[in-house]
Amino acid sequence: MLVNGRWQAAWDPYQKADDKGNFTRETASFRHWITPDGSAGPTGNKGFKAEAGRYHLYVAYICPWASRVLALLKLKQLEHVISISVVEPFLTDFGWSFAGVESRHVSGATEDHLHQKPYLYQLYLLAEPMMTGRATVPVLWDKKQNTIVNNESADILAMLDHAFESWAKKRTNLRPIEQLDQLNQLNEYLYTKLNNGVYRAGFAQSQQAYEAAVEDVFDALEALENRLSDGRRFLLGLHLTEADIRLFVTLIRFDCVYFDLFKCNIKPIRDYNWLSQYLFRLFYDLKLGETVHFDHIKQGYYSVKALNPNGVVPNGPNADITISNQEKYHDH
Ligand SMILES: N[C@@H](CCC(=O)N[C@@H](CS)C(=O)NCC(=O)O)C(=O)O
C-alpha cells in the first residue's frame, strides 16, 4: 500500500484483521461523482460532467468489485463510451500490474492505455502524490482533469446507472425509486453475508471468525434459494436491479474458487436448483458471461500466497462449469 506517496514493500495483501481475527475491508479514498451536468454528487467535488470518451476504467477481471462495474457497462451497453484497461490477475510486490511488466501474463490483461504505467499504484500517485491508502481496483479515471473520479464500486454503479443515459444503447433502471429502500436493504445484506462474507471466511485468522463467516454465507444462500423458489426472475421480482449484479459476481466465483480456496465448502452453487437457474439466466440471457474470465479468476485467487503458498492452481472444477451445465437450464 501507499504511505505518504511511497509504496511500502512489506504490505499485507489481505487487508486487515480486527483483534478477533475478523477480516476488515478498508474504505475507498476518491469519492467524486460523474453527473449529467457536472454538478456535485452526494460526496466529493463538482466538475465531472458525463461526456462520451472522457472517462477510463481500470479493472481486474479477477475482482468481484470491479466486475460489477463491467456488468453494468454490459447491461446498459455503454462499452463504447468508457474505455478500459485491465490489470494482470496476480497481486505483485508492487500491487496490481499491467501486461508486459511481470513475467506472467494472462490473456486479456492489457497495458495502461492512458499513461503506460507499469503498476496501478502509480496512477494513484498521479492523482494524489502524497496518497496514503490501498491501490485498489476499480478506478474510474477522468482524462480531462487527469485524476481519479472514484474508486468505490458501489458509487460507480450508482452514478453510471444514470449519468450516461443518453449514450446507453439499452435502457435499464437498476435503482428503481419505488423499490429503493428494499434495494438498499438487500444490497447491505448481500454485502455483509455474501460478497464480503466469502472474504471473511477465506481470510479469517481464527476458527471462530471463520465459522461465523461461513455460517453467514450459507444462511444467505439458503435464504436466496428460498426467495427465488417462487419462480421470480430476479431478486426483487420481474425486473433486474443492482442487487442482481451484486449477487452475480459472487455466485459466478463461488464453485471455482470460494468453495475450495475460501473454505466455503458446505454446498456448491450447482447443487442449488433455483440459484443455478438464476445464475444461468444472468450469464446467458443477459450476457453477463461476456464479462467473466475464469482463467483470470482462478489464476488470480490461487496466486494469493497467504492462502496458497506454492501457487498451484487446481484443474477442476471445469472452468466452463456454467457452459457444460447449459443443457440443464430451461428458462420459464
Ligand atoms: N471498496 C472497494 C473495494 C475494492 C477492492 O477491495 N479491490 C481489491 C481487488 S478484489 C483490490 O484492489 N485489492 C488490492 C489491495 O487491497 O491492495 C470497491 O468496492 O470498489
Check your understanding: Condition test on LYS305, is it at pLDDT 95 or above and charged (D, E, K, R)?
Key -> no
Practice item. Starting from residues that are open to solvent by 10 Å² or more (accessible area, probe 1.4 Å) and within 21 Å of LYS117 (Cβ to Cβ), keep the ones in the range 51-62 and report whichever is nearest to the ligand (Cβ to nearest atom). Key: ILE62
Exercise for review: Take the residues in the range 86-103 that are within 11 Å of the ligand (Cβ to nearest atom) and not in a strand (DSSP E or B), then tell me which one is surrounded by the most Cβ atoms within 10 Å (Cβ to Cβ).
Suggested key: VAL87
Practice item. Among residues belonging to the range 1-18 that are part of a loop (DSSP other than H, G, I, E, B) and at pLDDT 75 or above, point out the one that is most open to solvent (accessible area, probe 1.4 Å). Key: ASN4
Practice item. Examine the range 71-78 for a residue that is of a type outside the set (A, V, I, L, M), buried (at least 19 other Cβ atoms within 10 Å of the Cβ) and within 13 Å of the ligand (Cβ to nearest atom), and state whether such a residue exists. Key: no
Review point. Residues of the range 124-156 being near the ligand (Cβ under 9 Å from one of its atoms), open to solvent by less than 10 Å² (accessible area, probe 1.4 Å) and in a helix (DSSP H, G or I), which ones?
Key: SER153, ILE156
Point to revise | Cross-chain or 6+ apart pairs with Cβ under 8 Å, the range 202-227 first and more than 19 Å from PRO268 (Cα to Cα), then part of a helix (DSSP H, G or I) | key: ALA204/TYR210; ALA204/ALA213; ALA209/ARG200
Check your understanding: Residues LEU194, LEU190, LEU183: which one is away from the ligand (no atom under 16 Å from the Cβ), touching a residue at least 12 places away in the same chain (Cβ under 8 Å), open to solvent by less than 50 Å² (accessible area, probe 1.4 Å) and not assigned by TED's automatic domain parsing to the domain that holds PRO42?
Key -> LEU183
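One line per residue, one yes/no per condition, for (1) closer than 27 Å to ILE245 by Cα; (2) touching a Lys or Arg at 6+ places or on another chain (Cβ under 8 Å):
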{"position": "LYS117", "(1), (2)": "no, no"}
{"position": "MET131", "(1), (2)": "no, no"}
{"position": "ALA135", "(1), (2)": "yes, no"}
{"position": "ASN146", "(1), (2)": "no, no"}
{"position": "VAL149", "(1), (2)": "yes, no"}
{"position": "GLU152", "(1), (2)": "yes, yes"}
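The values are calculated or read from the model by the stated rules, or taken from the named source; none is laboratory data. Note that the structure is a prediction, hence the values are computed from the model and not measured. So basically every Cβ, Gly included, is an ideal-geometry build from the backbone, and we count neighbours across all protein chains shown. The protein model used for the area step is the full one, side chains on, heavy atoms only, and it has no ligands, DNA or RNA in it. Shrake-Rupley method; radii C 1.70, N 1.55, O 1.52, S 1.80 Å.
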